[in-house]
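Report on the following structure.
Read the figures in this text as sums done on the coordinates, not as results from a lab. All of these numbers come straight from a predicted model, not from anything done at the bench. For neighbour counting, all protein chains shown are included, and Cβ atoms are generated from backbone atoms with ideal geometry for every residue, glycine included.
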Amino acid sequence: MMKKLMFLAALALSTTGAFAQSRVKTTTIQPKIGLNISTVGDLDWKAGCVLGFELQHQINRKTAIAGALLYSFQGGKDDDWTWNPGYINLPITLNYYVAKDFALKAGIQPGFMVNKDDVRHVNTFDFAIPVGMSYEFDNFVIDGRYNIGVTKVPKHGDGYTNVVQLTIGYKFKL
């Protein structure tokens, strides 16, 4: 009987640090990694990865603001060529919790192409509008978003970046 009580006490103490949706006026950091599916203009969609971290401040019970630093492999492909530029993206989103642990998010995202992958005559600054949703469970966060490109990638002609992004992260309270 004593072993069971000790086990339950240890279990209760070990789970007190676990949280999902953050408490009001708290800040968290979330390392994250995931998958991008991206295209530019008329190119076909291609897969890439994304990794980085996100800081989030819970303003009130329903609203949080988040900013992230992400390294993202984007681009596109056609029948005989794949373009894999690397970007440093800085999304800033407003997260609105429509239900416990479930948030809708939208914001702005400046991005900087740091690896052109041997392509010339492209703009190295990208601006996008991220819209998406996330679900939080025991500090894990699954985030899905669509980044709608606003700036043209080629210096001459049309072509905007569009990225579907799915990440998983883990929140730590600061």
For the chain, the longest site-free run once trypsin sites (Lys or Arg not before Pro) in DSSP loop states with at most 16 other Cβ atoms within 10 Å are removed: 63-99
Most exposed to least, judged by fewest other Cβ atoms within 10 Å, 134, 72, 22 sort to 22, 134, 72
In what order do 70, 174, 51 fall by count of nearby beta-carbon atoms within 10 Å, going from fewest to most? 174, 51, 70
Among (1) -0.37, -0.52; (2) -0.43, -0.64; (3) -0.32, -0.49, the entry matching log10 I(q)/I(0) by the Debye sum over Cα atoms at q = 0.09, 0.11 Å⁻¹ as calculated here is (1)
Which of 122, 153 has the fewest Cβ neighbours within 10 Å, and the rest in rising order: 122, 153
Would you report the distance distribution of C-alpha pairs in region 77-174 as whole percents per 10 angstrom bin, up to the bin with the largest distance? 14, 40, 28, 15, 4
Mean residue ellipticity (222 nm) of the chain, computed from DSSP H runs ≥ 4 via -39,500 (n - 2.57), nearest 500: -2500 deg cm²/dmol
Residue 104 to residue 47: FRET efficiency via 1/(1 + (r/R0)^6), r the Cβ-Cβ distance, R0 30 Å, to the nearest 0.05? 0.75
Residue 46: which lysines have alpha carbons under 27 Å from its alpha carbon, excluding same-chain residues fewer than 8 sequence positions away? 32, 77, 105, 116, 152, 155
Taking 0.36 nm per intervening residue step and subtracting the Cα-Cα distance, what contour gain separates residue 173 from residue 25 on full extension? 52.2 nm
